[in-house]
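The values are calculated or read from the model by the stated rules, or taken from the named source; none is laboratory data. All values reported here derive from a predicted model rather than from experimental measurement. All Cβ positions, even for glycine, are placed from backbone atoms using ideal geometry, and neighbour counts span all protein chains on display.
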């Protein structure tokens, strides 16, 4: 069903009979309504009570100051563009069909462990991706932080050059470290919906389909062949992507 995704705990992946929790239950059991933003019916976060620590900051495993910086960036995303926080580093839209991933603010790297990423959600339910089986943490792989499985691939847009890898420059204090926006639904997508218009500098296409990317005037910027990647879109196209088509 569109708008729903499941989270499989790592313990459940190790043996049969594990409990599969709906993402809503995970959010209720982890970040409580008084401690972390909760989504309204419109997708916008609701107000939270002050004085309570946000459970996501503890789950990140980061030093306290870095964890707060990370959560502050996520809170800004939730306040401006809605969504549901599904891990210490991720905000999901449309039941996991679209996910914003935030980099580690200490290393600048995108997280790629199932402790930090909720890639155990079911595959996207958008048109053109029917019939895929549930994704196990053991079957999710990452290419420059962009996920794929044996049945499902994502196309990913990065805020910085080299798939955000050099956004930190080894300083140990990387701000928000750069964001990545991933999609696995066919058709047209507006990056502005997620606060990512005119911010793409590199990309990965882990799908089996072509992606064509356009600027705000709907002029073609570039095409992404299946299974390809670009560490830099070039000075002429940098920070100009506004929408794209995943053709499948």
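Below are the figures for this structure:
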item: Boolean, residue 217 is modelled with pLDDT of 95 or more and out of contact with any strand residue (DSSP E or B) (no Cβ under 6 Å at 6 or more places or on another chain); result: yes
item: Filtered residues of the range 218-236 (kept if surrounded by 17 or more Cβ atoms within 10 Å (Cβ to Cβ), part of a loop (DSSP other than H, G, I, E, B) and over 21 Å from the mean Cα position of the chain (by Cα)); result: none
item: Test: residue in the range 143-160 that is modelled with pLDDT under 90 and assigned to a helix (DSSP H, G or I); result: no
item: Residues located in the range 91-113, provided they are assigned to a loop (DSSP other than H, G, I, E, B), in contact (Cβ under 8 Å) with a residue 40 or more places away in the chain and in contact with a strand residue (DSSP E or B) (Cβ under 8 Å, 6 or more places away or on another chain); result: 97, 103, 110
item: Residue check for residue 172: in a loop (DSSP other than H, G, I, E, B), surrounded by fewer than 21 Cβ atoms within 10 Å (Cβ to Cβ), at pLDDT below 95 and on the phi > 0 side of the Ramachandran plot; result: yes
item: Among (1) surrounded by fewer than 23 Cβ atoms within 10 Å (Cβ to Cβ); (2) closer than 22 Å to residue 207 by Cβ, the one test that residue 110 misses; result: (1)
